[in-house]
Amino acid sequence: MAHIDDPKTQRANLDYIKASMKEPLLEREYEFELARLWREGDDEVALHKLVRSYMRLVVSTAGRFRNYGLPMGDLVQEGNVGLMQAAARFEPAREVRFSTYATWWIRSAMQDYVLRNWSIVRTGTTAAQKSLFFNFRRLRARIEDATGSRLGDEGRETIASQLKVNIAEVEAMETRLGAHDQSLNAPLTETSEDDWQDFLPDQRPNPEVVAIGMRDGETRSRWLAEALGELSPREQTIIRQRRLTDEGATLEQLGRKLGVSKERVRQLESRALNKLRDSISRHVESPRDLLLEN
């Protein structure tokens, strides 16, 4: 869904654009001198002159992202952040024009903003997916103009090849760009009293399954308690402290407590587990228990 700026914001954006276009362009030598003064002497006046001269670059770049339906003011603001980052990292010694260097930072800041806000669904997580997101429409339009028909399998293969992604990613992006976020609280139609969320399947177990699960859990707990009651006190201690606590005691700890060796504790534990299995198996296999449970 496109975002529409209110009249006050629109006027502010126009004022900003007009002010940006009035700033004079910088000569190469003067640009490097301002960058050097800022980088080496923290001269904020030089920084402001350098940044103001390239605000028009921010405005120009923001215009290229307008078709994503996001507010122009927000795009410009993000671009200004990128412009400031460029000024902070620019190295005059490399003899690259600041405009060339800043363009990358401005575009990167706006792309990140678009990806964060275009949809509540995360859109691009890898460099290849980001490239696909920002180039898919352009490549699709070029292919459709050349073929005179809508994008087909061959066209999708071409896009996948050019952007170095697989066909499935191209198809997923095509679907995603062809749809928009919609609130689950939105009515089905203008006259409908039902919302979209009313038709979402409930993945939770039904009450019958919950009741059966609770009954089965209670039955297993009772069987376990009865089985533990058939163990000797020493076997109960070992099972409770080794198997029925979050942090089970070690064989060595129990050996010291019971006054026996680690190997003897292991033997007692193995015997106790066999007793538990036999006791619970008798319950499971007993027709009487099955009859009582039903």
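The values are calculated or read from the model by the stated rules, or taken from the named source; none is laboratory data. It should be emphasised that the depicted structure is a prediction, and the values quoted were computed from it without experimental measurement. Cβ: placed from backbone, ideal geometry, glycine included. Neighbour counts: every protein chain shown.
Assorted remarks:
- Among the residues of the stretch 16-43, just one is over 41 Å from the mean Cα position of the chain (by Cα) and among the aromatic types (Phe, Trp, Tyr), namely 30.
- If only residues of the stretch 142-163 that are of a type in the set (Ser, Thr, Tyr) and closer than 23 Å to residue 130 by Cβ are counted, the one that is surrounded by the most Cβ atoms within 10 Å (Cβ to Cβ) is 158.
- Residues of the stretch 158-212 that are at pLDDT 70 or above, among the aliphatic types (A, V, I, L, M) and farther than 25 Å from residue 115 by Cβ: 209, 211, 212.
- Qualifying residue in the stretch 213-234 (condition: at pLDDT 90 or above, assigned to a helix (DSSP H, G or I) and in contact with a Leu (Cβ under 9 Å, 6 or more places away or on another chain)): yes
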